[in-house]
Amino acid sequence: MPKVTYKIKVNSEYRSVTVEPDEPLLWVLRDQLRLTGAKYGCGEGRCGACTVMLDGIARDSCRVAVADVGTRHVETIEGLGVIGELSPLQKAFKEHTAFGCGYCTPGQIVRATALLRSEPNPDRGQIVTAMNGNLCRCAAYPNILAAIESVAGEKKGGDG
């Protein structure tokens, strides 16, 4: 299959990549753009390690062909927060030790960010449902849930 040049918007910056149209977004991010936060886990969209946001919606980047990105904005873990300052959710994950080995953490944070942007005050059931597609081999689920709830709680209290 011939390579095609695509101009995609990643973390608010337009980037050009020349790849085969069916190249998974995960590999474009990691190999072409050197954004290695999204991890390869299963390659089947079952683990969530490669979660990114497309126009604010959490997606498994291993299952999205670069040709299907189109004009949508891709947001990765590297695009959350600013250099030298963690986002509120990243801080909460650290404070609640919401990780074991850390491999799944970027995908967990990206999916949780998408949830909190679409539903700023989710209840526990909504959080569990939203996070269901992201697996953690270290079983840090109680801490992940606590971290997300703490940020949602801040938003409920107006501290955002």
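So for segment 135-146 (the condition being of a type in the set (D, E, K, R), touching a Leu at 6+ places or on another chain (Cβ under 9 Å) and over 26 Å from TYR14 (Cα atoms)), does at least one residue qualify? Within segment 135-146 (the criterion being of a type in the set (D, E, K, R), touching a Leu at 6+ places or on another chain (Cβ under 9 Å) and over 26 Å from TYR14 (Cα atoms)), the answer is no, since none of the residues qualifies. Which one of these is among the aliphatic types (A, V, I, L, M), in contact (Cβ under 8 Å) with a residue 12 or more places away in the chain, in a helix (DSSP H, G or I) and closer than 23 Å to LEU35 by Cβ: VAL110, VAL151? Criteria check complete, one pass: VAL110. Of everything in segment 113-129 that is small (Gly, Ala, Ser) and touching a residue at least 24 places away in the same chain (Cβ under 8 Å), the residue that is surrounded by the most Cβ atoms within 10 Å (Cβ to Cβ) is ALA114. Being in a strand (DSSP E or B) and within 16 Å of ASN134 (Cβ to Cβ) is not true of ALA92.
For segment 46-89, a residue qualifies if it is surrounded by 18 or more Cβ atoms within 10 Å (Cβ to Cβ) and assigned to a strand (DSSP E or B), and the qualifying residues are THR51, VAL52, MET53, LEU54, ALA58, ARG59, ASP60, VAL74, GLU75. Scanning segment 16-51 for residues being touching a Phe, Trp or Tyr at 6+ places or on another chain (Cβ under 9 Å) and free of Cβ contacts under 8 Å to residues at least 40 places away in the same chain gives a total of 7.
The set of residues from segment 1-45 being in a strand (DSSP E or B) and not charged (D, E, K, R) comprises VAL4, THR5, TYR6, ILE8, VAL10, TYR14, SER16, VAL17, THR18, VAL19, PRO24.
Here, each number is a calculation from the coordinates, and none is a lab measurement. The shown structure was predicted, so the numbers you read here are calculated from the model rather than taken from an experiment. Ideal geometry is used to build each Cβ from the backbone, glycine not excepted, and the neighbour counts take in all protein chains shown.
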